[in-house]
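Here is the structure we will look at, set down as structure tokens.
The values are calculated or read from the model by the stated rules, or taken from the named source; none is laboratory data. On a predicted model such as this, the values are computed, not experimentally measured, just so you know. A quick note on method: Cβ atoms are made from the backbone with ideal geometry, for glycine too, and the neighbour counts reach across all protein chains shown. In case anyone asks, the SASA skips ligands and DNA or RNA and just uses the protein heavy atoms, side chains included. Shrake-Rupley method; radii C 1.70, N 1.55, O 1.52, S 1.80 Å.
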Amino acid sequence: MTVSRTTPGEAAGGGDSGSGTAWTDAWDVMLASAPARRRGRVLQSALREAVRSGRLAAGTRLPSSRELAADLGVSRGLVTDAYEQLTAEGYLRSGQGSGTWVGDAVRAAARGTRDRAPHPPGARADFVPGTPDLSLFPRAAWGATHRTVLARLPHRALGYPDPRGLPELRTALAALLTRRRGVAADPERLLVCSGVAQAMTLLGFALHGRGVRTMGLEDPGSPENKAVLGSAGLRSVLLPLDSDGLVPGALERSGVRAVVTTPAHQYPSGIAYSAARRTELLDWARSVDGFVLEDDYDGDFRYDRAPVGALQGLDPERVAYMGSVSKSMAPGLRIGWLLAPEELTEELVERKRTMDLGNPVLEQALLADFVEQGGYDRHLRRCRLAYQRRRDTLIAALDEHFPGTEVSGIAAGLHIIAVLPGRYGPEARFLERAAAAGVALRALAYHGTARPDDGRVRLVMGYAHQSPSDLTRGVRLLAEAVGRG
């Protein structure tokens, strides 16, 4: 038996293409290994994939049902059913007395699977900020909690969840955030989200529905915020910072009614908003009937004193508070939270419902138990001690290999701002030499408008994801690559 590439007008059973025997042999193997009740489905799947992949091209004439059944050792009815099913789906076509052919509607799908997740640069040393040490993830405790939660989770809990999140997780998070971050946390106004990105998107849609078209962003700040807010139809305006926070005059002149801020530990400058600037920011929001979107991205990590409390606790009706486990545990968990002003809450809940029908139930129940049993607090203590040591190690290495370097910002978070003396500039040449040596770096200028043109090199250096020895080695490699001025 053969399958051949002919035209519909050619005689049935046209010339041998040289591949027909191979095809029937392959199908024969598949059918022989399949249970009798599934052989029809196996044959349909094999034919469907052969057409979809292009191995059976459009215009290929298939053998008659009698011939193929004889070659495969199956009933003619099984082959007839397969032909009829694929003809109904559009993969095959047939005509009275003209046989069965591969249809013209199918286009081969692209082959292969790509991984578009962001990956480390593969450099000899990596100082790119933004990632915690994923090797510190509490696998054993997380796994034990997983088994416990799965065993006791009632069947009904596996249905569609409350779009705000499981009540037990919202209750646990509200207590945690009240205790650790000083927020005013009502579980009824807390939404569980897929990280801060989704929380900000939800707020963007809600504000757009109220006529807001422009959002203020800190300069410097996270470049991702512009794209996230743009997906909700909002234009972004960059607003300058000084050592106390957003500059009030520039904020007032901008005409915006909503602004995204990181007041506990500004990203990336590393400052903490002063008490006076916090008050001025809230006064501004009240005066324009606007909102402050507070991104508390790493507020749990302060090394020289207790963390500064969240801005939201001062005015829950003007501040929408956002946070996640991306910096405290792992970004791949995709779990975050949003504490919303009351007037926005119902709209946000409805938008969340239509967006994804709620976050995965098992992961929510797991995190709730992890928080309630103290696992989250224990993990934070472990990370804080590790990150404090790494920060100290990086600063010491810079002091040794780049004397005169200034480290700005508070002792907190997962990165530092390092300003190198002018003899190491200009910055563009410094970065080129570092890249050529396999040292991954990010300049402060990447996060906003141009910095002062004084010839100094300003870097945002992440340290949490590297061991102390790797940090020391990386700074030494950097010094060897760029010279000592």
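Data table
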item	result
Filtered residues of the range 162-204 (kept if among the basic types (Lys, Arg) and either closer than 28 Å to Leu234 by Cα or at pLDDT below 95 (or both))	Arg164, Arg189
Members of the range 406-426 found to be over 23 Å from Thr131 (Cβ atoms) and surrounded by fewer than 20 Cβ atoms within 10 Å (Cβ to Cβ), listed by number	Glu406, Pro421, Gly422, Arg423, Gly425, Pro426
Single unsatisfied condition, Lys352 versus (1) at pLDDT 95 or above; (2) surrounded by fewer than 17 Cβ atoms within 10 Å (Cβ to Cβ); (3) in a helix (DSSP H, G or I)	(2)
Residue count, the range 54-88 (criterion: assigned to a helix (DSSP H, G or I) and either more than 11 Å from Val102 (Cβ to Cβ) or among the aliphatic types (A, V, I, L, M) (or both))	20
Test: Gly313 is closer than 24 Å to Thr201 by Cα and in a loop (DSSP other than H, G, I, E, B)	no
Identity of the residue in the range 33-58, touching a strand residue (DSSP E or B) at 6+ places or on another chain (Cβ under 9 Å) and surrounded by 15 or more Cβ atoms within 10 Å (Cβ to Cβ), that ends up nearest to Ser94 (Cα to Cα)	Ala58
Pair list, Cβ under 7 Å, 6 or more apart: the range 142-170 residue at positive phi, other residue of a type in the set (Lys, Arg)	none
Filtered residues of the range 131-164 (kept if within 30 Å of Gly462 (Cβ to Cβ) and open to solvent by less than 40 Å² (accessible area, probe 1.4 Å))	Pro132, Asp133, Leu136, Phe137, Pro138, Trp142, Gly143, Thr145
Filtered residues of the range 79-104 (kept if in contact (Cβ under 8 Å) with a residue 24 or more places away in the chain and in contact with a helix residue (DSSP H, G or I) (Cβ under 8 Å, 6 or more places away or on another chain))	Val79, Asp81, Ala82, Gln85, Leu86, Glu89, Tyr91, Leu92, Thr100, Val102, Gly103
Subset tally (residues that are assigned to a loop (DSSP other than H, G, I, E, B) and within 33 Å of the chain's Cα centre (by Cα)) for the range 384-413	4
So His465, is it in contact with a Ser or Thr (Cβ under 8 Å, 6 or more places away or on another chain) and part of a loop (DSSP other than H, G, I, E, B)	yes
Matching entry among Glu294, Glu343 (being of a type outside the set (A, V, I, L, M, F, W, C), open to solvent by 50 Å² or more (accessible area, probe 1.4 Å) and at pLDDT 95 or above)	Glu343
Condition check for Val308: touching a residue at least 40 places away in the same chain (Cβ under 8 Å), among the β-branched types (Val, Ile, Thr), closer than 21 Å to Val192 by Cβ and not in a strand (DSSP E or B)	no
Gln364 modelled with pLDDT of 95 or more, more than 21 Å from the chain's Cα centre (by Cα) and closer than 22 Å to Arg152 by Cβ	no
